Amino acid sequence: MMKGLKIVVLAKQVPDTRNVGKDAMKADGTVNRAALDAIFNPEDLNALEQALTLKDKIPGTTVTILTMGPARAAEIIREGLYRGADNGYLLTDRAFAGSDTLATSYALSKAIEKIGPFDLILAGRQAIDGDTAQVGPQVAEKLNLPQITYAEEILDINGNTIIVKRRLERGVETVRGKMPLVITVTGSARECRPRHAKQTMKYKHAKTVSEIQEASEDYLQLYNSRPYLNIPELNVNDIQADVTQLGLNGSPTKVKNIENVVLQAKESKLIQNDEKEIEALMIELIKNHTIG
Amino acid sequence: MNNLFVFCEIEEGQVADVSLELLTKGRSLANQLGCKLEAVAIGYNLSEIGKQIFPYGVDTLHIVDDKRLEHYLTLPYSKILIELFKKEQPQIALLGATVIGRDLGPRVSSALKSGLTADCTSLEIGDHEDKKAGKVYKNLLYQIRPAFGGNIIATIINPDCRPQMATVREGVMKKEVFNPNHLGEVKTIDVSKLIDDNDFVVEIIERHIEKRKINLQAAPIIVAGGYGVGSKENFQWLYELAEVLGGEVGASRAAVDAGFAEHERQIGQTGTTVRPKLYIACGISGQIQHRAGMDQSSIIISINTDPKAPINSIADYTIIGSVTDIIPKMIKAYKKNTK
Ligand SMILES: Cc1cc2nc3c(=O)[nH]c(=O)nc-3n(C[C@H](O)[C@H](O)[C@H](O)COP(=O)(O)OP(=O)(O)OC[C@H]3O[C@@H](n4cnc5c(N)ncnc54)[C@H](O)[C@@H]3O)c2cc1C
């Protein structure tokens, strides 16, 4: 019988950039970013499913969610708990604001060192707000661990040997690695299971320290009698991070300029079926970054 | 020193197109900066590889030729690049935004604490003034990319750390031979002391070609066909348009029922609901059950022979005409105006 694994899933709360409907459009045709829903990054859910599958298979396995973000990102941890995770940590501090992927990976790696060790660190391949696919490999490098990116399925685990199917551009590749290691999971992997009714009841009232500031007396009583309702928060001091490697200071890349893309034509246009007009349409779509 | 480096991906002895595109771009950026263009090739049996790389104007080609490095592996490849970059101090390093480049780039940039911008759609040289620090930076690499699901275009810079690293997808830059007879210097790197067994803890057991599942909801661009497309053969045009634009093919129920497309592609009330950035409805009348699954798309183009088709009333652009006549024109115009 194999001994249970300790798994951490890195998850991010992201604006739902894939579902920019007409309702999230401003009059000038650009996106009102504040109007987008905050969701569990889709590929992080794929990663969570891989973790939960291992938990089903190997008794004694625990799944921890680690998310970095503002106070409201506690929602991501609750969502993970509803679906079957065992616990979660919210990594939150003003000092993290403005972090690029490198500074983010540094903070996450320090948090993992603090709450670990883990046999497996799972993450989504990339987050839909940035699409960079950098955090997984950078966390691996910071922790000096091997990595398997673009994973579609964990096929087998035996002792500390793990076999993973990867999704490449034109095919698939099966690789064998040794734990501990970092795996990033791609969107073509199995979808995450839905919320579990019992878990949802159990963790509905789970809150972070920041969130209980506004709680009632009754709630505090409940909270204090049920330790599992406490979602621990970690700040810069807790993870003993070097502040010069965090936030804007710790980010080698800077945003010089942002241009809003105009996604919507002002009115319906009739295009004649001739080469010139069709070319003009394609040029317009290329120019406004709809295609190309 | 402080040159521009391009990592060349090699698959079965062939340098990947994306790498040749980066060499083309790299050559022109290097000219602008007055520095040299250097390339890195890692793999096995590379004695002839220079023939493919030098015509793109490469001044120095670094070759690592080792049986164990025949296929890409994260740890040894990243170790080699990290060591090389520490020694050569490039000012810019470019990689393809491929599975390999997106596995390797972040690992290298993390070790060098250099920063990396993924999936750039344009690279330019420019200056930057940091008003707060009262500093002017000359000749930085502007790394221009869409972010936020393509809703914004950001220009990213990397003022202080080197190399300035960026990845670019295949097909974004143009590929152009600089001079077919150009020859540069070859430097072979001996890695026998650098890499050891620990770098091979992750090993490839097997590789094969396998088709991806259809994922309409993740597609930023959908080319959807209806009964008006006419046949399964005509649907090929939709696949071709989707391929060049980087999108997926969807279908109406009437098209699925007629056997023009698989059921997984159906969009609408009894199919998938999608909200892509661009929805191109080809020969779809736009009945309410279909619209329910796509009317929240950001931009809708309708191609239809009937000017009064209901779909046109929700379309941002309507092209009146036959699908098989219009799509080839779109493909041609797109190809002509990109790269
Ligand atoms: C309960 C229920 C659920 C349904 N669910 C769905 C659903 O999920 N999805 C869905 O799509 N439908 C659904 N339908 C069916 C729906 O009502 C329509 O029948 C269907 O969407 C019509 O498909 P169509 O537009 O491809 O075909 P048609 O309505 O036949 O339209 C074909 C269009 O092609 C145009 N055309 C013809 N030749 C050409 C040419 N050469 N070039 C360009 N244009 C041309 C015509 O002018 C016409 O506008 C549902 C119906 C019911 C009752």
- Message: What does the structure give for B:112-118 when I average, per residue, the other chain Cβ atoms found within 10 Å of the residue Cβ?
- Response: 6
- Message: For a quick check: with amide H placed at 1.01 Å from N, whose amide H comes under 5 Å from A:GLY88's, ignoring anything fewer than 5 positions away on the same chain?
- Response: A:ILE65
- Let me have the 222 nm mean residue ellipticity of chain B computed from DSSP H runs of 4+ only, each contributing -39500 (n - 2.57), with the sum over all residues rounded to the nearest 500. -8000 deg cm²/dmol
- Going by the alpha-carbon gyration tensor, a ≥ b ≥ c the square roots of its eigenvalues, is chain B rounded (a/c under 1.5) or, if a/c is not under 1.5, prolate (a/b greater than b/c) versus oblate? prolate
- Task: Please compute the net charge surrounding B:ASN45, taking Lys and Arg as +1 and Asp and Glu as -1 over other residues with Cβ under 12 Å from its Cβ.
- Result: -4
- Message: Can you tell me, using C-alpha contacts under 8 Å and at least 6 residues apart, the relative contact order of chain A as a whole percent?
- Response: 23
- Message: Students often check this: by mean Cβ neighbours within 10 Å, which of A:228-237, B:133-142 ranks highest, and how do the rest follow?
- Response: A:228-237, B:133-142
- Length gain on complete extension for the stretch B:THR338 to B:ILE209, per 0.36 nm per residue less the alpha carbon to alpha carbon distance? 43.5 nm
- Could you name the aspartates and glutamates whose alpha carbon sits less than 15 Å from that of B:LYS187, not counting residues in the same chain fewer than 8 places away? B:GLU38, B:GLU48, B:ASP59, B:ASP65, B:ASP66, B:GLU83, B:GLU88
- By DSSP, what percent of the beta bridges with both residues in chain B are antiparallel, rounded to the nearest 5? 25
- Message: Nearest 500 deg cm²/dmol is fine: what mean residue ellipticity at 222 nm does chain A get from its DSSP H runs of n ≥ 4 alone, each adding -39,500 (n - 2.57), divided by its residue count?
- Response: -8500 deg cm²/dmol
- Could you work out how far helix B:323-337 tilts from the main Cα principal axis of chain B, as a 0 to 90 degree angle to the nearest 10? 20
- Item | Per-residue average of Cβ from other chains inside 10 Å of B:188-201 | 1
- Query: Residues of the range A:217-263 with accessible area at least 50 Å² lower in the all-protein-chain context than alone (1.4 Å probe)?
  - Reply: A:PRO252, A:THR253, A:LYS254, A:LYS256, A:LEU263
- So, counting K/R as plus one and D/E as minus one, what does the shell of residues with Cβ under 11 Å around B:GLY26 add up to? 0
- Output the peptides A:204-215, B:317-328 sorted from most to least packed, where packing is the average of other Cβ atoms within 10 Å over each peptide's residues. B:317-328, A:204-215
- Item | Cross-link reach list, lysines versus B:LYS211, counting only Cα pairs under 19 Å and skipping chain neighbours closer than eight places | A:LYS165
- Report, in degrees rounded to the nearest 10, the 0 to 90 angle that the Cα long axis of helix B:74-88 makes with the longest principal axis of chain B. 50
- Query: Nearest 20 debye, what's the magnitude of the dipole of the range B:5-141 about its Cα centre given +1 on Lys and Arg Cβ and -1 on Asp and Glu Cβ?
  - Reply: 640
- Query: What part of the accessible area of the range B:4-200, given as a whole %, is carbon or sulfur when the probe is 1.4 angstrom?
  - Reply: 46
- Message: Testing the spin-label approximation: label points 7 Å from Cα along Cα→Cβ at B:GLU243 and A:ALA34. State their distance in nm.
- Response: 4.6
- Query: When only Cα pairs under 8 Å and 6 or more residues apart are kept, what is the percent relative contact order across chain B?
  - Reply: 14
- Carbon and sulfur atoms: what percent of the 1.4 Å accessible area of the range B:216-337 do they account for? 48
- Query: On a 0 to 90 degree scale, rounded to 10, what angle separates helix B:17-33 from the longest Cα axis of chain B?
  - Reply: 60
- Query: When Cβ neighbours within 10 Å are restricted to other protein chains, what is their mean count per residue of peptide B:159-171?
  - Reply: 2
- Would you give the gap between the C-alpha center of the range B:96-170 and the C-alpha center of the range A:62-94, rounded to a whole Å? 30
- Which shape class, rounded, prolate or oblate, goes with the range B:216-337 when its Cα gyration tensor gives a ≥ b ≥ c as root eigenvalues, a/c under 1.5 marks rounded, and past that a/b bigger than b/c marks prolate? rounded
- In Å² (nearest 100), what accessible area is buried between B and A, both sides summed, heavy protein atoms only, 1.4 Å probe? 7300
- Query: Between their Cα atoms, which of B:LYS79/B:LYS113; A:LYS142/A:LYS256; A:LYS287/B:LYS213; A:LYS287/B:LYS175; B:LYS87/B:LYS113; A:LYS256/B:LYS335 are more than 19 Å away from each other?
  - Reply: A:LYS142/A:LYS256; A:LYS287/B:LYS213; A:LYS287/B:LYS175; A:LYS256/B:LYS335
- In whole Hz, what ³J(HN,Hα) sequence does the range A:238-251 give by Karplus (6.51, -1.76, 1.60; θ = phi - 60°), x for Gly and Pro? 4, 9, 6, 8, 8, 4, 6, 9, 10, x, 4, 4, x, 10
- Query: Solvent-accessible area per residue for the range B:1-85 at a 1.4 Å probe radius, Å²?
  - Reply: 36
- Note on the structure: Total charge of the residues flanking A:ALA71 in space, meaning their Cβ is under 13 Å from its Cβ, with Lys and Arg +1 and Asp and Glu -1, is -1
- Assign one of three labels to the range A:6-255, namely rounded, prolate or oblate, based on the Cα gyration tensor with a ≥ b ≥ c the square roots of its eigenvalues; rounded applies when a/c is under 1.5, prolate when it is not and a/b is larger than b/c, and oblate otherwise. rounded
- ³J(HN,Hα) across the range B:246-257 via Karplus (A = 6.51, B = -1.76, C = 1.60, θ = phi - 60°), whole Hz, x for Gly/Pro? x, x, 10, 9, x, 8, 7, 5, 4, 6, 5, 4
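The values are calculated or read from the model by the stated rules, or taken from the named source; none is laboratory data. Because the structure is a prediction, the values reported are computed rather than measured. Cβ coordinates were reconstructed from backbone atoms using ideal geometry, including for glycine residues, and neighbour counts include every protein chain displayed. Each accessible area value is taken on the protein alone, full model and side chains, heavy atoms only, with ligands, DNA and RNA left out. Shrake-Rupley method; radii C 1.70, N 1.55, O 1.52, S 1.80 Å.
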